[in-house]
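Report on the structure given below.
Taken together, the values in this text are just the output of simple stated rules run on the coordinates, not laboratory data. Here the structure is a predicted model, which is why all the values come from computation and not from measurement. So basically every Cβ, Gly included, is an ideal-geometry build from the backbone, and we count neighbours across all protein chains shown.
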Amino acid sequence: MWANVYFFLKRKSPIPPEDILKQGVAVKLKVNVDFHERYGLKLIIEDIDSSFTMGQLEMQRQAILKAIQERGLIRKNAETHLPVVVQRLAVISSDRAAGYKDFIKHLEDNFYGYDIRIDLFEAAMQGQQVETEISSCLDKVEKALDDYDAVAIIRGGGGRTDLAAFDNLNLAVRIARFPIPVLIGIGHEIDQSVLDLVAYRSLKTPTAVADFIIERNASFESTLDSLG
């Protein structure tokens, strides 16, 4: 016999349910089961143990950190060469993300009037497709390495479970060994993902990535002015 299952949260969790009840996220729930001949099966969630979910994510993160340390990948991508002037940038993000829009506006409105070419490679910025889609974008960039000075992977802030996709061993290895610099701007000021630890440079936000590029170019122009 098949039955419809309905979920009702009775108590207020310290973390919003929508930030926990996502595909692929381990959860620990306290539920009551109710069955009605007409309306079917109903599970009433009495409580969500958010500490269990956060604990699982942290255990996974620590295991990944240990793996990249053992492989000598911490700041490995920093061994690549970043030109003194960044003019051509491959950006991996979602065109609907607020962080991407802020990044573009920041670059376009830069005080110095620098013209920096941006090519967007669209990828999921949360959920189970993050690894697959970002890896695919990196493959595309690698096939056209002569067209780019660097890669920027950017996304605005989010909940702990939203950003958990960036604590990923396969992506960390790929970025650490990528042949050109990879700049990471994911989350808010307090957020740090595993990808931040292997990249050429970790910036706290998408706009911080834009500032880094503008200031680098401005520094070169200032040096030229001094020599002149």
Exercise for the section: Could you rank the peptides 193-201, 127-135 by their average count of other C-beta atoms within 10 Å per residue, with the highest value first? Expected result: 193-201, 127-135
Handout entry: Ranked TYR100, TYR148, criterion: other C-beta atoms within 10 Å, fewest first
Key = TYR148, TYR100
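Rule-of-thumb check for the stretch 69-228: C-alpha Rg over 2.2 N^0.38 Å?
Here the answer is 1.00, to two decimals.
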Exercise for the section: Using θ = phi - 60° and the Karplus relation 6.51 cos²θ - 1.76 cosθ + 1.60, list the HN-Hα couplings for the stretch 139-154 in order, rounded to whole Hz, with x at every Gly or Pro. Expected result: 4, 5, 5, 5, 6, 10, 4, 5, 8, 9, 8, 6, 10, 10, 10, 10
Handout entry: Sorted by Cβ density within 10 Å, fewest first, the residues MET59, MET125
Key = MET59, MET125
Exercise for the section: On a C-alpha basis, how far is the centre of the stretch 82-123 from the centre of the stretch 159-228 in Å? Whole number, if you could? Expected result: 12
Fill in the blank from the handout: Excluding residues fewer than 8 positions from LYS42 in its own chain, the aspartates and glutamates with Cα under 17 Å of it are ASP34
Handout entry: Relative contact order of the stretch 79-228, defined on C-alpha pairs under 8 angstrom at six or more residues apart (%)
Key = 29
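As a footprinting exposure proxy, order LEU107, LEU82 by other Cβ within 10 Å, with the fewest listed first.
Numbers: LEU107 20, LEU82 16.
Ranked by crowding around the Cβ, least crowded first: LEU82, LEU107.
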